[in-house]
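Below: one structure, written as structure tokens.
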Amino acid sequence: MTFAESNPLSEELERQLLDHVGVAPAEATQSDLMSGVAQLAREQLSQRWVAAQAAQRGSRRVYYLSMEFLIGRTLGNALAALDLHDEAAAALASRAQRLEDIEQSEADAALGNGGLGRLAACFLDSMATLGLPSFGYGIRYEYGMFAQAIVEGRQIERPESWLGDGSPWEFPRRGVRYPVRFGGRVDHSSDKALWFPAGSVDAKAFDMVVPGHGTAHVSTLRLWKATAPEHIDLHAFNSGDYARAAEVKNAFENISWVLYPNDSTAAGRELRLRQEYFFTSASIQDIVGRHLQEHGRLDNLADKVAIHLNDTHPAIGVAEMMRVLCDEHALRWPDAWAKTQRVFSYTNHTLMPEALETWSVALMQQVLPRHMEIILRINQEFLDFAATLRPGDNQFLRRLSLIDETGERRVRMAHLSIVGSHKVNGVSALHSQLLVKTIFADFAEIWPERFTNMTNGVTPRRWLAQSNPGLSSLIDRHIGTGWRLDLDQLRQLAPLADDAAFRAEFMLVKHANKQRLAEHIATSSGVRVDADSLFDVQVKRVHEYKRQLLNVLHVVTRYQDMLADPELDWVPRTMIFAGKAASSYQMAKQIIRLIHDVGQVVNHDKRLRGRLKVAFVPNYGVSVAEIIMPGADLSEQISTAGTEASGTGNMKLALNGALTIGTDDGANIEIRQCVGDENIFIFGHSTQEVAQLRKGGYQPLRIHDQHPRLKSVLQAIGSGTFSPDEPARHRSLVDALLWGGDHYQLLADYDSYVQAQARVDTLFRDAEAWARAAILNVAGMGMFSSDRTIREYARDIWNIEVHDGRGAKA
């Protein structure tokens, strides 16, 4: 009997290779095998999708609109959900291939950048696992945001061509396309408004099936590709004017090329607005069309449809829904508005006023003239209502207005989202409290019941079971496998923290993960690190408020202290950074270059004897995170208190046994409550203290002058110690701290941060105590499952019944 005869999946793989990949099984490359296994999984996913759509017909559905869905690689997750992992591994082993190698040949889907997109991906996983009738809607970016390379310390952006060889996970929906219109004028000569657009682009649907785990339920991620009504100007082409022939095609289709195009130019800002409206309009047309197909009427729209706005990128959907209902289906304005408010809900992801999205009224009138009219009417009716609550209080009305009248008139998209939704949520307990006390206090005064909290979560299937098979197997042997669907079961690990044998096994798994990470660092950055050292990790989008620069200040402090006393028994440390800076964000790019420059000096200083290393891992994404998270010892969550809405990297790292060093910010607070004060390193000023410092006239220069250690660190950075070829290279970073106001209060928290790092060293020296704390971090992560978050959304915001993987109501 041949292996293929004894393993049905091997037979099926051979068929896929022959019928769909077009290669003889004996000649299949790793790429061919990936395609073959993917096709095999795709068939089963397709069957589940068809069954789910039939079963969910007529049901109330949630539609999750997000600019990003950072789903990473699909093969491993699909095989796990279909319970095919072991069979696929055996089938590949018969061909002398490892499943892990085949999985790594798949490109990450370049559909997002940071926490916003990864959260959306986790949520779709949980919606499918919990059996929620659901769709995610986004854009099918052809080139992602960018692929990051580091050349001589500088971030270089290159296209991320993840679709170059196609994707086996896409289902093109050839009959599903919608026109999306822009510009033109609006005519009011008849009873209803008539929009005569200047141009339109077609939105073509591509579906990806998101499988649930422990269930046959699936969710759908529908992505829109922009296509020109006519692909080329054939007359121009035949006349030899090839550039003009393709001009029309490119002018329309660039909408779905790149995530977050550079908005430092007028053209870039217009393209961003077009992007946001493009996917939102197509999605709402699709939602309303599906509803009419299933129900044949609109009076029950709000009973069957829940649309969730993941941040303000799809906020224009409020105006678009009103346009569709009033202009295309002739609903009366009051009826349409009542339905719109019941349909929409909104998640806010930032407390920083400068980060709240706004669009110039002039640009909105140019690109979306009908929507600007609708927004102005919504605003007028809302302000008329608000005026009855505080007669004569014009400042109150100015703060509430959907139009910011200070300077250039701008549409406040967060305000539109709040007014147009029945529920608004923050993403951690602190964040949600601050929303109603600070930036949205006036709205909360009017509608206190509208605001609620939904603390973020992550899917344990991706971020523990898939990314950390060693730890998953260890957990399975001791408490069973049920934690994948009920993360609260991890609390059963807590007593094992006092079991010396379990601690030893736990740390062996951690060391193997650190060795794998060390190999990736060497391959990707050329820096060789010691897996026995403390792996100190800060991996996230590079931004001033996330304070990578504060981390660097500690690195330089440590470097100087080690040079001053080289014979001291220093705890060996490897400082690991990863993250992309937005292409137009020069300060963030400068911080990346400083990290590189400090690493160049530190890594080659023989006086340190390898006890301090600095590595920047390029092109951070889901697959890189799946290597970093399991190998981390220390998780840097050091944003200025009151600036990080929640964070999910903090959850992923703790779930994999990393201890957190952080401020009392975002979900760090809830992590501290779950793991215990003794198993986390909290430092720095509280949110209230940050506000008091700012209110009282924060003076960073005074802190600098009173702190010789800090003064020495800033002097070294600003005078060229780490950039001798260009001594003033990093002077702007130092000046921003000393003379630019140090907006995120790095200097105020510096001393507390350095002291907390000393406490880290002390605990790490005690290997048994560190192992115990790491295990208790894993055991305390039960509440941070995205399954819990989605249950709460379904119950408190979307009003949809949740079913667990066994079909029982939850």
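The values are calculated or read from the model by the stated rules, or taken from the named source; none is laboratory data. From a predicted model like this one, the values you see are computed outputs, not experimental measurements. No Cβ is skipped: glycine too gets one built from the backbone with ideal geometry, and neighbour counts run over all protein chains shown. Accessible surface areas use protein heavy atoms only, side chains included; no ligands, DNA or RNA. Shrake-Rupley method; radii C 1.70, N 1.55, O 1.52, S 1.80 Å.
Being farther than 30 Å from Phe506 by Cα, modelled with pLDDT of 95 or more and surrounded by fewer than 22 Cβ atoms within 10 Å (Cβ to Cβ) narrows it down to one residue among Val622, Val598, Val602; which is it?
Val602
Any idea which of (1) surrounded by 15 or more Cβ atoms within 10 Å (Cβ to Cβ); (2) under 32 Å from the mean Cα position of the chain (by Cα); (3) farther than 30 Å from Ala667 by Cβ is the one Glu408 doesn't satisfy?
The failed condition is (1).
Which residues, counting only those in the stretch 444-500, are in a loop (DSSP other than H, G, I, E, B) and of a type in the set (Phe, Trp, Tyr)?
Within the stretch 444-500, Trp447 is the sole residue that qualifies.
Taking the condition of being open to solvent by less than 40 Å² (accessible area, probe 1.4 Å), β-branched (Val, Ile, Thr) and either in a helix (DSSP H, G or I) or modelled with pLDDT under 95 (or both), how many residues in the stretch 362-405 meet it?
So the count comes out to 4.
Quick one: what pairs do we get from the stretch 512-536, first residue assigned to a helix (DSSP H, G or I), second at pLDDT 95 or above and among the polar types (S, T, N, Q), C-beta under 6 Å, 6+ apart or different chains?
none
Quickly run through the stretch 537-568 and pick out the residues that are of a type in the set (A, V, I, L, M, F, W, C), in a loop (DSSP other than H, G, I, E, B) and free of Cβ contacts under 8 Å to residues at least 24 places away in the same chain.
Leu568
Report, by residue number, each residue of the stretch 169-188 that is over 30 Å from Met372 (Cα atoms) and modelled with pLDDT under 95.
Correct list: Arg174, Gly175.
With the condition being hydrophobic (A, V, I, L, M, F, W, C), I'd like the strands (runs of 3 or more DSSP E) fully within the stretch 583-675 carrying at least 3 qualifying residues.
Where strands (runs of 3 or more DSSP E) fall fully within the stretch 583-675 and carry at least 3 residues being hydrophobic (A, V, I, L, M, F, W, C), they are 612-617.
For the stretch 630-640, which residues satisfy the criterion of being hydrophobic (A, V, I, L, M, F, W, C) and either surrounded by fewer than 24 Cβ atoms within 10 Å (Cβ to Cβ) or more than 14 Å from Asp664 (Cβ to Cβ) (or both)?
If the condition is that a residue be hydrophobic (A, V, I, L, M, F, W, C) and either surrounded by fewer than 24 Cβ atoms within 10 Å (Cβ to Cβ) or more than 14 Å from Asp664 (Cβ to Cβ) (or both), then Ala632, Leu634 are the ones that fit.
Please go through the stretch 514-559 and give me each residue that is touching a Pro at 6+ places or on another chain (Cβ under 9 Å), charged (D, E, K, R) and crowded, with 20+ Cβ neighbours inside 10 Å, ordered by number.
Correct list: Lys514 only.
Considering only residues that are basic (Lys, Arg), part of a loop (DSSP other than H, G, I, E, B) and in contact (Cβ under 8 Å) with a residue 60 or more places away in the chain, look in the stretch 61-105 and name the one that is surrounded by the most Cβ atoms within 10 Å (Cβ to Cβ).
Among residues in the stretch 61-105 that are basic (Lys, Arg), part of a loop (DSSP other than H, G, I, E, B) and in contact (Cβ under 8 Å) with a residue 60 or more places away in the chain, the one surrounded by the most Cβ atoms within 10 Å (Cβ to Cβ) is Arg73.
Can you work out which of the residues in the stretch 166-198 that are of a type in the set (D, E, K, R), open to solvent by 30 Å² or more (accessible area, probe 1.4 Å) and in contact with a strand residue (DSSP E or B) (Cβ under 9 Å, 6 or more places away or on another chain) is nearest to Gly76 (Cα to Cα)?
Arg173
Is at least one residue of the stretch 743-750 of a type outside the set (S, T, N, Q) and open to solvent by 60 Å² or more (accessible area, probe 1.4 Å)?
yes
When the stretch 307-328 is examined, which residues are found to be open to solvent by 10 Å² or more (accessible area, probe 1.4 Å) and either touching a Gly at 6+ places or on another chain (Cβ under 6 Å) or free of Cβ contacts under 8 Å to residues at least 40 places away in the same chain (or both)?
Glu328
Does any residue of the stretch 641-650 turn out to be of a type in the set (Ser, Thr, Tyr), farther than 24 Å from Tyr143 by Cα, surrounded by fewer than 22 Cβ atoms within 10 Å (Cβ to Cβ) and out of contact with any Lys or Arg (no Cβ under 6 Å at 6 or more places or on another chain)?
no
Could you list, ordered by first residue, the pairs with Cβ atoms under 7 Å in which the first is in the stretch 755-784 and over 22 Å from Phe502 (Cβ atoms) and touching a residue at least 40 places away in the same chain (Cβ under 8 Å) and the second is open to solvent by 50 Å² or more (accessible area, probe 1.4 Å) and assigned to a helix (DSSP H, G or I), at least 6 apart or interchain?
Met783/Cys674
Quick one: count up the residues across the stretch 677-712 that are over 33 Å from the mean Cα position of the chain (by Cα), surrounded by 12 or more Cβ atoms within 10 Å (Cβ to Cβ) and in a helix (DSSP H, G or I).
8
Within the stretch 338-361, which residues are under 31 Å from the mean Cα position of the chain (by Cα) and assigned to a helix (DSSP H, G or I)?
Lys339, Thr340, Gln341, Arg342, Val343, Pro353, Glu354, Ala355, Val361
Just to check your reading of the model, which residue among Ser161, Ser167 is out of contact with any Ser or Thr (no Cβ under 9 Å at 6 or more places or on another chain) and either aromatic (Phe, Trp, Tyr) or in a loop (DSSP other than H, G, I, E, B) (or both)?
Result: Ser161 is the single residue among Ser161, Ser167 that is out of contact with any Ser or Thr (no Cβ under 9 Å at 6 or more places or on another chain) and either aromatic (Phe, Trp, Tyr) or in a loop (DSSP other than H, G, I, E, B) (or both).
Just the residues that are out of contact with any helix residue (DSSP H, G or I) (no Cβ under 9 Å at 6 or more places or on another chain) and small (Gly, Ala, Ser), please, taken from the stretch 662-685.
Hits for the stretch 662-685: nothing passes.
Looking at (1) over 25 Å from Leu464 (Cα atoms); (2) in contact with a Lys or Arg (Cβ under 7 Å, 6 or more places away or on another chain); (3) open to solvent by less than 40 Å² (accessible area, probe 1.4 Å), which one does Asp108 not meet, given that it meets all the others?
(1)
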